[in-house]
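In what follows, a structure is listed as structure tokens, so that the remarks can point back to it.
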Amino acid sequence: MAVESGTQSSQAWQPMTPGGAAAFGAASWGRLGIFLALFGAFIALGVVWLVHTAVFPVIGEGVKKLPASGRVSAGALAWSAGSPVLLAEGRVIAFAVDLEHTGAVHVPSDLFVQFGRNTWRISSIAGFAEWPYRRDVLMEFNRPVLEPWWGAWRMPILWLVFLGAMLLLMAWWVVQATLYLPIALLLAFYTDRAAKIAAMWRVCAAAILPASLMVYLGIVLYGGAMISLVTFCLLVAGHVPLGIAFVVAATLALPREKGLHGSSKNPFSGRKSDE
């Protein structure tokens, strides 16, 4: 039975087992696209939940602590209050104003955003990155302007987070499937599995989806304060080797075909075996 024959397409209804992922080799591109979108939306909802519960409250608190006047203009922050000062702090993220980046403010948060006089900085366990304010950008940095703006744009930003996370995930899965395709084709060749390039790419893409649920698990556990940032990163990274394992298993679940290393005939019965 060839992977492209279409006889398995009706069985391509779930990619959670090797056989289920293998069935997508005979399914349509549209069916595969629907499953990629469904899994992408599911994980993106987890990202939205994490941002809404762990990041947005801290931003709101920080906006309320801004002074009545302040702005970024000509590449510099005009700040009318004291410095350094902690604006808001949470387990995931914290915000502070430290005009000279003295390092006087210390927080246990996983991400620490500091606004300096001419640059702003993000610190984490991996170190820090720093960027200058653009000289051609005028940005208000005060409570009277940012508080109503934040109230009006909270929900649109969440929708953008959802769409961005979903599209980013789907793009990453396309890259993963393309990178894993040579592995699947070689394995299919040496184990005499029916394999055409387009069909095997669909099998690879479908086989990645079960492993991607590790990312969702990491988001839920991290957002629920059950694991650290390091453990979260390990879970996210762990979906890559797990995806390769699923691709291998799905390839081996494909039906055998007559190939260079085997025969489609049964030598004991003297007749052709079922294909």
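Quick rundown of the values:
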| item | result |
| --- | --- |
| Which listed residue, of 188, 195, 206, is touching a Leu at 6+ places or on another chain (Cβ under 9 Å), part of a loop (DSSP other than H, G, I, E, B) and touching a residue at least 24 places away in the same chain (Cβ under 8 Å) | 195 |
| Residue tally, condition part of a helix (DSSP H, G or I), of a type in the set (D, E, K, R) and surrounded by fewer than 16 Cβ atoms within 10 Å (Cβ to Cβ), over the stretch 121-158 | 2 |
| Test for residue 140: is it of a type in the set (D, E, K, R) and out of contact with any helix residue (DSSP H, G or I) (no Cβ under 9 Å at 6 or more places or on another chain) | no |
| Test: residue in the stretch 45-63 that is open to solvent by 30 Å² or more (accessible area, probe 1.4 Å) and either polar (S, T, N, Q) or touching a Phe, Trp or Tyr at 6+ places or on another chain (Cβ under 6 Å) (or both) | yes |
| Identity of the residue in the stretch 214-227, in contact (Cβ under 8 Å) with a residue 40 or more places away in the chain and assigned to a helix (DSSP H, G or I), that ends up most open to solvent (accessible area, probe 1.4 Å) | 216 |
| Inter-residue pairs, beta-carbon under 6 Å, first within 20 Å of residue 70 (Cα to Cα) and in the stretch 85-113, second among the basic types (Lys, Arg), 6+ apart | 87/65; 99/117 |
| Test: residue in the stretch 243-251 that is assigned to a helix (DSSP H, G or I) and free of Cβ contacts under 8 Å to residues at least 40 places away in the same chain | yes |
| Test: residue in the stretch 133-143 that is modelled with pLDDT under 95, acidic (Asp, Glu) and more than 25 Å from residue 45 (Cβ to Cβ) | yes |
| The stretch 49-105 - residue that is within 20 Å of residue 140 (Cα to Cα) and aromatic (Phe, Trp, Tyr) and, of those, modelled with the lowest pLDDT | 79 |
| Identity of the residue in the stretch 133-171, aliphatic (A, V, I, L, M) and free of Cβ contacts under 8 Å to residues at least 40 places away in the same chain, that ends up farthest from residue 216 (Cα to Cα) | 145 |
| Flag if residue 80 is within 30 Å of residue 207 (Cα to Cα), surrounded by fewer than 15 Cβ atoms within 10 Å (Cβ to Cβ) and of a type in the set (S, T, N, Q) | no |
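The values are calculated or read from the model by the stated rules, or taken from the named source; none is laboratory data. Every value quoted in this text rests on a predicted model; they were computed, and no experiment measured them. Methodologically, a virtual Cβ is constructed for each residue, glycine included, from the backbone with ideal geometry; neighbour enumeration extends over all protein chains shown. Areas reflect the complete protein model, heavy atoms only, side chains present, ligands, DNA and RNA absent. Shrake-Rupley method; radii C 1.70, N 1.55, O 1.52, S 1.80 Å.
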